[in-house]
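Bear in mind that the values in this text are calculations on the coordinates, not laboratory data. As the structure is a prediction and not an experimental result, all values here were calculated from the model. Please note: Cβ atoms are built from the backbone with ideal geometry, for glycine as well, and neighbour counts cover all protein chains shown.
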Amino acid sequence: MLKIKGLIFAGCLLITQISWAQSKRSIDTNPLAGTIDFHCHAGPDVSARSISDLDLVRLAKKEGMRGIVLKNHYTMTADRAETAMKEVGGIEVFGGIALNRSVGGLNAEAVRRMAAMEGHRGKVVWLPTVDAENNFEHGPGPRKFVSVVKDGKPVPEIAEVYEVIAKNDLILETGHSTPAESMILISAATQAGIKKIIVTHAMLLGATVEQMKQMAAMGAVIEFCWQAYLAKKGNKNLGDEKAVITCVNAIKAIGAEHCIIDSDLGQPGNPLHPDGMRAYIIALKANGLSEHDIDLVARKNPAKLLGLPTE
Ligand SMILES: [Zn+2]
């Protein structure tokens, strides 16, 4: 029995290695081969979305992508990821939970149940996004918000959330916190034993290159999203060249080993996620990011964070 189990295990390993090697070979012809989109909005959602979870997973698989992470601001996506992955097969689908008011804000129990969801596809915990205090300051109308830092320290509820993240080896994302808040949150996270930290679209939230370098030195990975670089007029997916150059320079300054790129797409009227990812990779390459660095930010770094083999 043990022998049979061993054989099956070896077989699985072989299949994983072959598919990874195959995807490596096809990178030359398909820039999307082996990539992972870490930031995908899809329906059903509270706000209108351009595509459903299932259709997105089917499309990403067809385009040769290795995986996607489903993100929703209002509900967890660990269950949806498991359903989509089972239904489509042959592609990695992950989810998580954003700690906005709809799940009770900084609710450790919600994170605990998300991590325990069948299939264990729930890997990411976003600190408040749409309900972040920072978002509230820039958003329209009076709303309640979820604070993450007070008087220079993480609010008390963060401690239990961090404990659950560390215990389950989940990925902490800083959500829509300010760069100053993110520094405080990253430092507390590493002290709490959290090994995987992503600063959610740091530059979009005002982080300077110096701040991002500092965050990376503290152990965080910096996220860059194509949505921020779409052209303002005409064919959006051609990208805004000036903005793309800023992105390339930032990745080079921080070091590609500390960065990931993804789409943050799913909004009606914007390109679909795989189209965005492809355009992003082509634009980065055209503006001087090396193939080696693209491999890190679009394939290896996200895979490592998600616990997938990278060789
Ligand atoms: Zn987003």
Original post:
Of His39, His258, how do they rank once you tally other Cβ atoms within 10 Å and put the fewest first?
Top reply: His258, His39
Subject >> Positive-end residue, region 23-137 charge dipole about Cα centroid, Cβ charges, pick of Leu32, Leu99, Tyr74 >> reply: Leu32
Original post:
Can you give the extra length, in nm with one decimal, that the chain gains between Ile245 and Asp45 once fully stretched, where that is 0.36 nm per residue apart less the Cα-Cα distance?
Top reply: 68.7 nm
Original post:
How large is the helix-only mean residue ellipticity at 222 nm for the chain, computed as the sum of -39500 (n - 2.57) over DSSP H runs with n ≥ 4, divided by its residue count, in deg cm²/dmol to the nearest 500?
Top reply: -12500 deg cm²/dmol
**OP:** Estimate the FRET efficiency between Arg112 and Lys144 by the formula 1/(1 + (r/R0)^6), using the beta-carbon distance for r and 25 Å for R0, to the nearest 0.05.
**Re:** 0.60
**OP:** Considering the options Ser182, Gly269, Ile294, tell which one lies farthest towards the positive end of the dipole of the chain, charges being +1 on Lys and Arg and -1 on Asp and Glu at the Cβ, about the Cα centre.
**Re:** Ile294
**OP:** Please label the shape of the chain as rounded, prolate or oblate, based on the square roots a ≥ b ≥ c of the eigenvalues of the alpha-carbon gyration tensor (a/c under 1.5 means rounded; beyond that, a/b larger than b/c means prolate, else oblate).
**Re:** rounded
Original post:
Considering only Cα-Cα distances, which of the following residue pairs are longer than 22 Å: Lys252/Lys285; Lys62/Lys196; Lys242/Lys304; Lys195/Lys285; Lys196/Lys300; Lys62/Lys252?
Top reply: Lys62/Lys196; Lys242/Lys304; Lys195/Lys285; Lys62/Lys252
**OP:** Would you mind pulling out the separation of the Cα centroids of region 219-277 and region 42-89, in Å?
**Re:** 20 Å
Subject >> Rounded to the nearest 20 debye, dipole of region 61-129 from Cβ charges on Lys, Arg, Asp, Glu >> reply: 120 debye
Original post:
Got a sec? Charge dipole of region 37-305, +1 on Cβ for Lys and Arg, -1 for Asp and Glu; which of Ile198, Ala216, Ile51 is way out at the positive end?
Top reply: Ile51
**OP:** At a Cα cut-off below 14 Å, give the aspartates and glutamates reachable from Lys61, other chains included and same-chain residues fewer than 8 away excluded.
**Re:** Asp37, Asp53, Glu87, Glu92, Asp275
Original post:
Which value, in debye to the nearest 20, gives the size of the charge dipole of the chain about its Cα centre, when Lys and Arg are +1 and Asp and Glu are -1 at the Cβ?
Top reply: 540 debye
